[in-house]
Amino acid sequence: MKTVLKFLLIVSLLVGGGLWLLATGKQPEPFVPGTESAARLQPGPLPVVKVERDYVDTSRRTDANGDYPGAADRRLETTLWYPENRESAPYPLLVYSHGFSSSRQEAESLAAYLASHGYIVIAPTYPLTNLRAPGGPRVQDVVNQPADVRFLIDELLAASETPGNALYQQVDPERIGALGLSLGGLTSTLVAFHPEMRDPRISAALSIAGPTFVFTDVFYRHHPLPFLMLAGDIDAIVPWEDNARPVPEQVPDGELVTLRGASHAGFADPAAAMRWLSNPDAVGCWIVQRSMAGAEEEPWFDLIGPPEMGINYGAESALCTMDPLPEAMNPLRQQMLTRVVVGSFFDRQFSRSAATRAAAERYLSEVLAEELMEATYVRAAD
């Protein structure tokens, strides 16, 4: 009996030590105290409510996928974050889309941060592009995700108009944005600009390391709106040169924030556990390549649209060919940078205060790169 108790005690100590190390080990370099960046990184003043809820779109089906026969509807498991304080409502609505072989949990820290600053954030786990999708994750289902975003906007606006609902009179229909990581960045770009898939209620969009290589400048002129790309220059999964660098050249008034030494996987919350690795894209590439192994090739460009829509049928972008992978920044530091960039972009677009909008504009275009050595900012020429 004593031997068993000793064993359990040792296991407990090991587990506890591991959890302690995970929580406290290899912390990122903090922002310089007293700087605007340090102030912007702080959580907002509003207490945040977090709710899990499933939404079902009965008007559309889920496609068959491998050995999965499909379904008669589109079921979206979601997490909703919103300010508990009702006095400052209505609030802007942001729809967050996750990356390929991921889930809505990747956005936990960013969404909670935004909600504390006065945003309602909803993040779905998409039916066929998530890590546990029936039949295996399927990249091509991204073409169905813009309609999922539109459906969720419908649902939240309806909730805001329903007396007795927790969101009654909380959602501002005039301030709606889309953002997402990787394939979720592509989802956000499609729902913002695509002439058939777009939602005209969206008035600002932000892509975090999302693919753009398939688009020409024609694509972004269907429905011009504020658009910012946030990306890392050593991204091994969605290479910076093919996808991020062209944004200021192709998108009217498009903006690009580049983080030097930032990986692709480092933008997502789960990468916090990979901060002892030289580069978390080693794990990210393994997951993506494993998920895509044996996948049936489909006419990808045909699914998005014809060439006259601004789809480049000859486009190519390398996937996980970077060898060796360079040393990457601490993912926790990368996520700190992400929060201040994303928060400032949407503050500039959606704040009711002219002073706050002006300060956010100045921060993005001038202060960000001055205070944070990893960041550079480029805007499309007028």
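The values are calculated or read from the model by the stated rules, or taken from the named source; none is laboratory data. Keep in mind it's a predicted model, so treat the numbers as computed, not measured. Heads up, the Cβs are rebuilt from the backbone with ideal geometry, glycines too, and the neighbour counts pull from every protein chain shown. These area figures cover heavy atoms from the full protein model, side chains too; ligands, DNA and RNA do not enter into them. Shrake-Rupley method; radii C 1.70, N 1.55, O 1.52, S 1.80 Å.
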> Which condition number does Ala178 fail, the rest of (1) open to solvent by 20 Å² or more (accessible area, probe 1.4 Å); (2) of a type in the set (A, V, I, L, M); (3) under 18 Å from His98 (Cβ atoms) being met?
Replying inline: (1)
> What pairs come up if the first residue lies in the range 207-221 and is free of Cβ contacts under 8 Å to residues at least 40 places away in the same chain, the second is in a loop (DSSP other than H, G, I, E, B), and their beta carbons are under 8 Å apart, counting only those six or more places apart or on different chains?
Replying inline: Gly210/Ser182; Gly210/Val238; Thr212/Ala244; Thr212/Pro246
> What are the pairs, 6+ residues apart or on separate chains, where a residue within the range 265-279 that is among the charged types (D, E, K, R) has its Cβ under 9 Å from a residue that is assigned to a loop (DSSP other than H, G, I, E, B) and open to solvent by less than 40 Å² (accessible area, probe 1.4 Å)?
Replying inline: Arg275/Gly25; Arg275/Pro28; Arg275/Asn330
> Which of the following residues is open to solvent by 10 Å² or more (accessible area, probe 1.4 Å) and either of a type in the set (Ser, Thr, Tyr) or within 27 Å of Ser160 (Cα to Cα) (or both): Pro195, Pro200?
Replying inline: Pro200
> When Val51 is evaluated against the numbered criteria (1) buried (at least 16 other Cβ atoms within 10 Å of the Cβ); (2) within 20 Å of the chain's Cα centre (by Cα), which criterion, by number, is the only one it fails?
Replying inline: (1)
>> Based on this model, can you work out whether Met373 counts as within 18 Å of Gly210 (Cα to Cα), open to solvent by 30 Å² or more (accessible area, probe 1.4 Å), of a type in the set (A, V, I, L, M, F, W, C) and out of contact with any Lys or Arg (no Cβ under 7 Å at 6 or more places or on another chain)?
In response: no
> Among the numbered criteria (1) closer than 17 Å to Glu374 by Cβ; (2) open to solvent by 40 Å² or more (accessible area, probe 1.4 Å); (3) within 23 Å of the chain's Cα centre (by Cα), which single criterion is violated by Arg290?
Replying inline: (1)
>> If I filter the range 310-329 for residues that are among the β-branched types (Val, Ile, Thr), surrounded by 18 or more Cβ atoms within 10 Å (Cβ to Cβ) and under 20 Å from His98 (Cα atoms), do I get at least one hit?
In response: no
> Which residue pairs have Cβ atoms under 6 Å apart, sit 6 or more places apart or on different chains, and have a first residue in the range 123-150 that is within 21 Å of Asp67 (Cα to Cα) and a second that is modelled with pLDDT under 95 and of a type in the set (Gly, Ala, Ser)?
Replying inline: Gly135/Gly66; Gly136/Gly66; Pro137/Ser291
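I'd like to check something: does the range 352-369 contain any residue that is part of a strand (DSSP E or B), in contact with a strand residue (DSSP E or B) (Cβ under 7 Å, 6 or more places away or on another chain) and farther than 19 Å from His117 by Cα? Please lay out each step first, then the result.
Start the filter on the range 352-369 by keeping residues that are part of a strand (DSSP E or B), which leaves none.
Checking the range 352-369: not a single residue is part of a strand (DSSP E or B), in contact with a strand residue (DSSP E or B) (Cβ under 7 Å, 6 or more places away or on another chain) and farther than 19 Å from His117 by Cα.
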> If you go through the range 251-269 one residue at a time, how many are surrounded by fewer than 22 Cβ atoms within 10 Å (Cβ to Cβ), in contact with a helix residue (DSSP H, G or I) (Cβ under 6 Å, 6 or more places away or on another chain) and not charged (D, E, K, R)?
Replying inline: 1
> Phe100 is checked against (1) in a helix (DSSP H, G or I); (2) open to solvent by 10 Å² or more (accessible area, probe 1.4 Å); (3) not small (Gly, Ala, Ser) and fails just one. What number does that condition carry?
Replying inline: (1)
